[in-house]
Amino acid sequence: MSVELIWSLITGAALFGVGIYGALSQTNLVMIMMGVELILAGALLNMVAFFRYLHPDVAAGQMFVLIIMTVMALEMAVGFGVAIARFRYKGSVEMEEAAELKD
Amino acid sequence: MITAQAIFIGFFGIAAVWFGVVVFRTFSMVRSAIALLFSQTALGAMFLTMEVEFLGVLQIMMMATEMSIMAIFMVMFMMDPGGMGEMDMTHQKQFSLTAGFISFVGAVAVAVFIDWGPVSTVAVDSVEQTKALGFELLDRSMLIFEMAGITILTAMIAATAVAIKPASKTSQPKSSSTAHGDHQHKEQSK
């Protein structure tokens with residue numbers, strides 16, 4: 001088995017794990033978004049590694065990478081829109097102060 | 001067999017993970033955003049090492065812009081953006097650590113124990129890769145590509161609409177003090 005592929009997948013797994021930790025442990029909305037960015041970065045790396053080492057002749061692999069990048073950009077746009085609205089009404093983007101959103 | 005490519009992939013991979021950890025370890029929000037930028041750039045360098053050049057350059061360019069914007073927003077929204085007060089902004093740490101570790105171990109187990117089949121050691125020429133992606137985007141995957149574009153546009157409009165301050169329905173009456181102040185100002189200017 002290819003060392004390069006395994007290295008890439010392990011790095012992707014580590015980024016995914018760090019991202020999960022960040023998204024679950026942080027109380028600030030922007031920091032939670034950073035965790036989600038790392039999770040998506042792990043997925044991105046896996047997709048590139050699969051394209052490069054397993055199916056280099058199938059261009060659809062690159063297409064999936066572009067879709068993940070689009071999701072990253074969307075997450076940023078929507079997240080910051082929500083953050084601005086929240087900050088305008090409550091003066092804070094701390095998620096521990098947002099328990100009323102559950103109601 | 002360990003090749004130069006494997007060594008560089010390992011190096012940039014460790015850098016990406018290390019900077020990813022630094023994001024949640026520093027108290028300064030600016031450092032946090034810059035660490036995430038370095039992590040994503042190391043990922044782009046990994047792509048370049050893998051000879052996937054178009055996606056590598058795209059990753060670096062896109063993330064540099066995205067993280068710069070994120071740094072600005074973080075400074076705006078945080079109570080202590082410089083981290084001088086060393087405020088702890090975490091909760092359920094033990095649970096998060098466990099969840100992160102289990103995710104990591106699970107993903108590594110899948111990566112190591114699955115037989116991925118034959119591996120291609122020779123990369124397709126970068127010009128051919130980009131050309132194939134171009135044909136893919138404007139041929140078979142055109143609908144997906146167009147949908148992605150429209151989704152981004154919709155999200156941008158929706159995010160702006162959510163963020164705009166709603167105008168108040170009733171106009172505020174001019175207070176007497178303000179009118180008095182205006183009058184004084186006019187007199188002074190005369």
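Derivation of every value follows stated rules applied to the coordinates shown; laboratory data play no part. Keep in mind it's a predicted model, so treat the numbers as computed, not measured. A quick note on method: Cβ atoms are made from the backbone with ideal geometry, for glycine too, and the neighbour counts reach across all protein chains shown.
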When each pair of different Cα atoms in region B:51-148 is counted once in the 1/r mean, what is the Kirkwood radius in angstroms, to one decimal?
-> 18.8
Which semi-axes, in whole Å and largest first, does the equivalent ellipsoid of chain A have when worked out from the alpha carbon gyration tensor as the square roots of 5 times its eigenvalues?
-> 34, 15, 8
Taking amide hydrogens as modeled 1.01 Å from N in the peptide plane, which residues meet the under 5 Å criterion relative to A:N28, leaving out close sequence neighbours?
-> A:M95
Please name whichever of A:M76, A:G91, A:A13 sits farthest to the positive end of the charge dipole of chain A, dipole taken about the Cα centre and charges placed at Cβ: Lys and Arg +1, Asp and Glu -1.
-> A:M76
For region A:19-74, Rg(Cα) over 2.2 N^0.38 Å is 1.32
Rounded to whole Å, √(5λ) for the Cα gyration tensor eigenvalues of the protein assembly as shown, largest first, gives 43, 24, 17
How big is the Kirkwood radius of region B:124-163, worked out from every pair of different alpha carbons and given in Å to one decimal?
-> 11.7
Inter-part distance where region B:115-165 and region B:25-61 are each reduced to a Cα centre, Å = 19
Taking Cα pairs closer than 8 Å and at least 6 residues apart, the relative contact order of chain A in percent is 27
Inter-chain shielding of B:113-119 (mean C-beta neighbours from other protein chains, 10 Å cut-off) = 4
Treat every Asp and Glu Cβ in chain A as -1 and every Lys and Arg Cβ as +1, leave all other atoms uncharged, and give the resulting dipole magnitude about the Cα centre to the nearest 20 debye.
-> 120
Taking each residue of B:146-152 in turn, how many C-beta atoms of other protein chains fall within 10 Å of its C-beta, and what is the average?
-> 3
Expected unfolding gain across B:T121-B:Q92 under the 0.36 nm per residue rule, minus the alpha-carbon gap, is 6.1 nm
Output ordering of B:43-50, B:14-21, B:110-117, A:57-64 (per-residue mean of other Cβ within 10 Å, highest first) is B:43-50, B:14-21, A:57-64, B:110-117
Could the peptides B:130-137, B:149-156, B:23-30, A:9-16 be put in order, highest first, of the mean number of other beta-carbon atoms found within 10 Å of their residues?
-> A:9-16, B:23-30, B:130-137, B:149-156
Points 7 angstrom from Cα along the Cβ direction at B:A167 and A:H55: gap in nanometres?
-> 5.2
Compare the peptides B:121-129, A:36-44 by average per-residue count of other Cβ atoms within 10 angstrom and give them in order, highest first.
-> A:36-44, B:121-129
Calculate the dipole size of the protein assembly as shown relative to its Cα centre from +1 charges on Lys and Arg beta carbons and -1 charges on Asp and Glu beta carbons; express the result in debye to the nearest 20.
-> 980
Which whole number gives the average, over all residues in B:46-56, of C-beta atoms from other chains lying within 10 Å of the residue C-beta?
-> 5
Normalise the Debye intensity by I(0) for region B:1-80, one equal point scatterer per Cα, no solvent, then take log10 at q = 0.19, 0.21, 0.22 Å⁻¹ and round to two decimals.
-> -0.78, -0.89, -0.94
